[in-house]
Each structure stands twice: as C-alpha cells, then as structure tokens.
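Note sheet for the following structure.
The values are calculated or read from the model by the stated rules, or taken from the named source; none is laboratory data. This one's a predicted model, so the numbers in the text were calculated from it and none came from an experiment. Here Cβ is always computed from backbone atoms with ideal geometry, including for glycine, and neighbour counts include all displayed protein chains. Side chains are part of the model used for accessible areas, which takes the heavy atoms of the whole protein and leaves out ligands, DNA and RNA. Shrake-Rupley method; radii C 1.70, N 1.55, O 1.52, S 1.80 Å.
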Amino acid sequence: MRSVTEENYLKAIYRLMEEHEGLVNTNAIAEKLELKPSTVTDMLKKMAQKNLVHYSPYKGALLTEEGRKSALLIIRKHRLWEVFLVEKLQFSWDEVHEVAEELEHITSGRLINRLDEFLGFPQIDPHGDAIPAANGSIRQAKQTLLYEMAVGSIVQVSGVKNTDRQFLQHLDKLGISLGSTITVDGIADFDKSMEILIEGAPEVRISAEVASNLLVQKMN
C-alpha cells in the first residue's frame, strides 16, 4: 500500500514527465508539490529503494514501470471521482478538483472498478482528460491548442490545460465548455488575442493565455 505522500509524488512526477518528456529535476518536483528541494531529495531516495523511481543525484528522477502504473491508477481514481461529482452530485467543473484530491487516496480497487461500471465506463473526465483503464493503460486523444489555430478554423473544445478554479469560471462566463464549437474569426498581430464565435453567439475576444489553455480538435 502506498502512502498518501508517495501517491502525491508519483502523480506529480508523472505530470512533469508529460510536460518535459524526460528526466524531471528535483526543483521542478519541489515547486509542483510546494516543498523544499532537500525534502524532495530525501523522498526520491526512499522511492528509488522501493523501485518506484529511477533517481540520479543532482539530475532528477524518472518513474519506473511500476511507478508509472501506480501513478496512472491514482489518476484513474481522481478522474473517475470527478465524473461522479459532476454527473451524479451536480458539482460544477471548477469545484471538483480539490474534492477528488482527497477521494483519490481511497485504496479499494473493487470500489473504483464498481464506480467505473456505475458511471458507464467514461473515457474522459469533466476537463477532457483521458481516464486510465484498470490495467494502467491510457489512450490520449490527439488535441491541439486553440492558440495554434489559424483564422477560419472551426474547432470543438476537447479539454483544458489549466484546471484552476478562476480559469474555469472565466470559461463559464464566456460560454465555453467541453464540446463547444468555436470559429476563429480573427487574430491580433500585437498580442495574439483572438476574436472567436462560440456556438454562433456574438463575437468575443479572448487573450492569448486563454487560447493557450484550451485544447481543441479541428472540425474543418
């Protein structure tokens, strides 16, 4: 059985490996978990002894295959609980992350598999992230940032990179959610802000930062 601390490290390292595609340095892990680098170094040494990470002093760490599978099972629990909270308890998508952070540490695999079945085996969570299977595998859909789309592109919102509560609330105010159809009507040369049409509603302008945190799939 993994401790809550170990599970938090596994998840953080997995996400940093996705972002950096390789060795994750100690400072990056410390920043992610809001801890001192020395504390992280001590923990990585302990996790290396348990075959959860490959640790190189002064360089960083990578998950072992066992560590990767463990991380994906934690993420599986987190994302299934998010689906449950939104679909069955009517939480909004900006409320569920913190609650799921607590629920993800429930250890019963039988409970999580029953939850998966109860929810109808969902493929994505309320933020568009893929839900790992019970065997630890994960299928990532091909997605692009809205920021990278050209004028005239018609896309469907398939996910968000930023799950910060304020960002999600901002999207709600704009009328943007998973599945929304967006047409790129214009891009400003100065700051790369975008003029977009959302589901045919009146045109709105969004910042480059918003466009850089919206994942989309092209429809034309």
Looking across the range 4-28 at residues that are of a type in the set (V, I, T), open to solvent by less than 60 Å² (accessible area, probe 1.4 Å) and within 19 Å of K69 (Cβ to Cβ), the single one that is nearest to the chain's Cα centre (by Cα) is I13
Only one of H54, H105 is assigned to a loop (DSSP other than H, G, I, E, B) and either open to solvent by 30 Å² or more (accessible area, probe 1.4 Å) or farther than 30 Å from I176 by Cβ (or both), namely H105
Counting only residues that are over 24 Å from the mean Cα position of the chain (by Cα) and surrounded by fewer than 17 Cβ atoms within 10 Å (Cβ to Cβ), the range 155-192 contains a total of 7
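Condition check: open to solvent by 20 Å² or more (accessible area, probe 1.4 Å), touching an Asp or Glu at 6+ places or on another chain (Cβ under 8 Å) and either part of a loop (DSSP other than H, G, I, E, B) or under 19 Å from E7 (Cβ atoms) (or both). Does H78 satisfy that?
Answer is no for this residue.
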Within the range 154-175, residues among the aliphatic types (A, V, I, L, M) and touching an Asp or Glu at 6+ places or on another chain (Cβ under 9 Å) come out as V160, L168, L171
Quick count over the range 1-12, residues being in a helix (DSSP H, G or I) and farther than 16 Å from G136 by Cα, is 6
Residue set L214, L197; condition farther than 22 Å from S92 by Cβ and either among the hydrophobic types (A, V, I, L, M, F, W, C) or surrounded by 18 or more Cβ atoms within 10 Å (Cβ to Cβ) (or both); output residue L197
Check: Given the structure, is I74 at pLDDT 95 or above, closer than 29 Å to R110 by Cα, among the β-branched types (V, I, T) and in contact with a His (Cβ under 9 Å, 6 or more places away or on another chain)?
Finding: yes
Result of the Cβ filter at 7 Å on the range 195-214, keeping first residues that are in contact (Cβ under 8 Å) with a residue 24 or more places away in the chain and partners that are assigned to a loop (DSSP other than H, G, I, E, B) and of a type in the set (K, R), at least 6 apart or interchain, is A208/K192; N213/K161
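Any chance you could count how many residues in the range 145-154 are within 23 Å of R15 (Cβ to Cβ) and open to solvent by less than 40 Å² (accessible area, probe 1.4 Å)?
To start, the set of residues in the range 145-154 that are within 23 Å of R15 (Cβ to Cβ) comprises 145-148.
Narrowing the set further to residues that are open to solvent by less than 40 Å² (accessible area, probe 1.4 Å) leaves 145-146.
Summing the residues that are within 23 Å of R15 (Cβ to Cβ) and open to solvent by less than 40 Å² (accessible area, probe 1.4 Å) in the range 145-154 gives 2.
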Residue pairs qualifying under the 7 Å Cβ cut-off, at least six apart or on distinct chains, with the first in the range 97-116 being in contact (Cβ under 8 Å) with a residue 24 or more places away in the chain and more than 13 Å from F84 (Cβ to Cβ) and the second being aliphatic (A, V, I, L, M) and surrounded by fewer than 14 Cβ atoms within 10 Å (Cβ to Cβ), are H105/V4; T107/M1
*Report whether or not L111 is open to solvent by 50 Å² or more (accessible area, probe 1.4 Å) and in a loop (DSSP other than H, G, I, E, B).*
no
